[in-house]
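Participant: Right, I'll just put the structure down here and ask away after.
The values are calculated or read from the model by the stated rules, or taken from the named source; none is laboratory data. In this text, all values refer to a predicted model and were calculated from it rather than measured experimentally. So basically every Cβ, Gly included, is an ideal-geometry build from the backbone, and we count neighbours across all protein chains shown. The area values use the complete protein model at the heavy-atom level, side chains included, leaving out ligands, DNA and RNA. Shrake-Rupley method; radii C 1.70, N 1.55, O 1.52, S 1.80 Å.
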Amino acid sequence: MDQFLKGIIKEAGQLAKTYFDAGVTHRTKAHLGDLVTDADIAVSNFFVSAIEKEYPGHHIHSEEMAEDINPGAEYEWVIDPIDGTRNFAFGIPMWCNMVAVMKEGEPYLAAVYNPNADELFFAAADKGATMNGMPIRVNDTETLDHGFAVVTRAWNDNPEGYARLMDRLTRETNVWMHNFGTMLGVCFVASGGADFFAGNSGFDHDNLAPALLCKEAGAMVTDSEGRPWRRGRSDLVIANPKLHPKVLALLE
């Protein structure tokens, strides 16, 4: 299953890139910030078709599908065909394809592919995380001083805490904040380039794959109250075990 996932996500990424290179138009879904393009639909259809053919009894959930396929099955595929659609639609090369596989409701496999740099981030539960087959690990930064932070804020879980976090990061630290507009930035935490991630703007299709990837890379992955992160929560705080409590404290 891991080789199948690695294969189809790279195929999906190359399909998406043909649309990106040619240029696309977009339309809105729920609100002005919620965009979709023909590429999102095409990539979603590709994933669904490939998974249905290989694993016809599996549960499939895609951001771009109105109804799930085979809900309640032992294995569930959670697909974000193109994460960072706004970037994609406006020609900004910061977007990715993401898939998480759940087994009996628990994270099992995660893949995030960045076609523009040909970077495949992959994790399997209890087996570690890799980028293009090479092991990756969170860094061991212990201080927020000159830290590299990836931060998002929305009015989802714990909005007051995230408002405090943004204010305190600005007023009380000299952290560098970088909001990429895609969960691809969280992969850089897993690989040690960025120091931490904190955000409350995502849904399961946004969060499941990066959460497993970072956990397998040695990060603490919790909600904003310090509890182990579980699907259904929009808020994620991710950092190495030394730095994590200091980020969490800024949300209080």
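Participant: Which whole-Hz ³J(HN,Hα) couplings does the range 163-180 yield from phi under the Karplus relation 6.51 cos²θ - 1.76 cosθ + 1.60, θ = phi - 60°, glycine and proline marked x?
Facilitator: Running phi through 6.51 cos²θ - 1.76 cosθ + 1.60 with θ = phi - 60° gives 5, 5, 4, 4, 5, 6, 4, 6, 8, 10, 9, 10, 4, 8, 9, 10, 9, 7 Hz.
Participant: Now a separate question. Accessible area of the chain with a 1.4 Å probe: how many percent of it is carbon plus sulfur?
Facilitator: Roughly 52 percent of what the probe reaches on the chain is carbon or sulfur.
Participant: Relative to the first principal axis of the alpha-carbon coordinates of the chain, what is the inclination of helix 2-22, with its axis defined by its Cα atoms, in degrees from 0 to 90 and to the nearest 10?
Facilitator: Tilt of helix 2-22: around 90 degrees.
Participant: For the chain, what is the charge dipole size about the Cα centre, in debye to the nearest 20, if Lys and Arg each add +1 at the Cβ and Asp and Glu each add -1 at the Cβ?
Facilitator: Computed charge dipole of the chain: roughly 460 debye.
Participant: Hey, another quick one. Output the 0 to 90 degree angle, nearest 10, between the alpha-carbon long axis of helix 204-216 and the longest principal axis computed from the alpha carbons of the chain.
Facilitator: Computed tilt is about 60 degrees.
Participant: If amide hydrogens are placed 1.01 Å from N in the peptide plane, which non-local residues have theirs closer than 5 Å to the one on residue 230?
Facilitator: none
Participant: Then there's this: If you take the charge dipole of the chain about its Cα centre, with +1 on Lys and Arg Cβ and -1 on Asp and Glu Cβ, which of 248, 122, 229 is farthest toward its positive end?
Facilitator: 248
Participant: So what's the back-of-envelope 222 nm ellipticity for the chain, counting only DSSP H runs of four-plus at -39500 (n - 2.57) apiece and dividing by all residues, rounded to 500? Before the final figure, lay out each step's value.
Facilitator: Working: 7 runs with 83 residues, N = 252.
The helix-only estimate for the chain comes to -10000 deg cm²/dmol at 222 nm.
Participant: Amide H to amide H under 5 Å from residue 196: which residues, 5+ apart in sequence or cross-chain, H placed 1.01 Å off N in plane?
Facilitator: HN-HN under 5 Å from residue 196: 148, 150.
Participant: Right, something else. Between 195, 38, 145, find the one with the highest GNM mean-square fluctuation for the chain; connect C-alpha pairs within less than 10 Å.
Facilitator: The residue with the greatest mean-square fluctuation here is 145.
Participant: How high is the relative contact order of the chain? Use alpha-carbon pairs under 8 Å, at least six apart in sequence, and give a whole percent.
Facilitator: 17 percent
Participant: Turning to a different aspect of this structure: Given (i) 53, 45, 34; (ii) 51, 39, 32; (iii) 128, 36, 28 as candidate values of Cα extents along the principal axes in Å, which corresponds to the one derived from the coordinates?
Facilitator: (ii)
Participant: Pick out which of 24, 221, 189 has the largest mean-square fluctuation in a Gaussian network model of the chain, springs linking Cα atoms closer than 10 Å.
Facilitator: The residue that fluctuates most here is 24.
Participant: If you don't mind, there's one more thing I want to ask. Across the chain, how many lysine pairs, 8 or more apart or on two chains, come within less than 23 Å at their alpha-carbon atoms?
Facilitator: Pairs that pass both the separation and distance tests number 17.
Participant: Residue 143 label point, 7 Å along Cα→Cβ, cut-off 15 Å on backbone N: hits in the range 158-183?
Facilitator: Under cut-off, by backbone N: 173-176.
Participant: Rounded to the nearest whole Å², what accessible area per residue is found for the range 123-252 with the 1.4 Å probe? Mind showing how you got there, number by number?
Facilitator: Numbers: 5820 Å² over 130 residues.
Ligands and nucleic acids excluded, the result is 45 Å² per residue.
Participant: To the nearest 10 Å², what's residue 164's accessible area with a 1.4 Å probe?
Facilitator: Rounded to the nearest 10, that gives 100 Å².
Participant: Something else now. Taking R0 as 25 Å, what's the FRET efficiency between residue 67 and residue 90 from their Cβ-Cβ distance, rounded to 0.05?
Facilitator: Result of the calculation: an efficiency of 0.25.
Participant: Once phi is turned into ³J(HN,Hα) by the Karplus curve 6.51 cos²θ - 1.76 cosθ + 1.60 with θ = phi - 60°, what whole-Hz value does each residue of the range 128-133 show in order, with x for glycine and proline?
Facilitator: x, 10, 9, 10, 6, x
Participant: Given the options 64, 76, 216, state which has the largest fluctuation in a GNM of the chain using a 10 Å cut-off (strictly under) for Cα springs.
Facilitator: Ranking 64, 76, 216 by mean-square fluctuation puts 64 first.
Participant: Please give the length that would be gained between residue 171 and residue 231 if that part of the chain were fully extended, namely 0.36 nm times their separation in residues minus their C-alpha to C-alpha distance (nm, one decimal).
Facilitator: Here the segment from residue 171 to residue 231 would lengthen by 18.4 nm.
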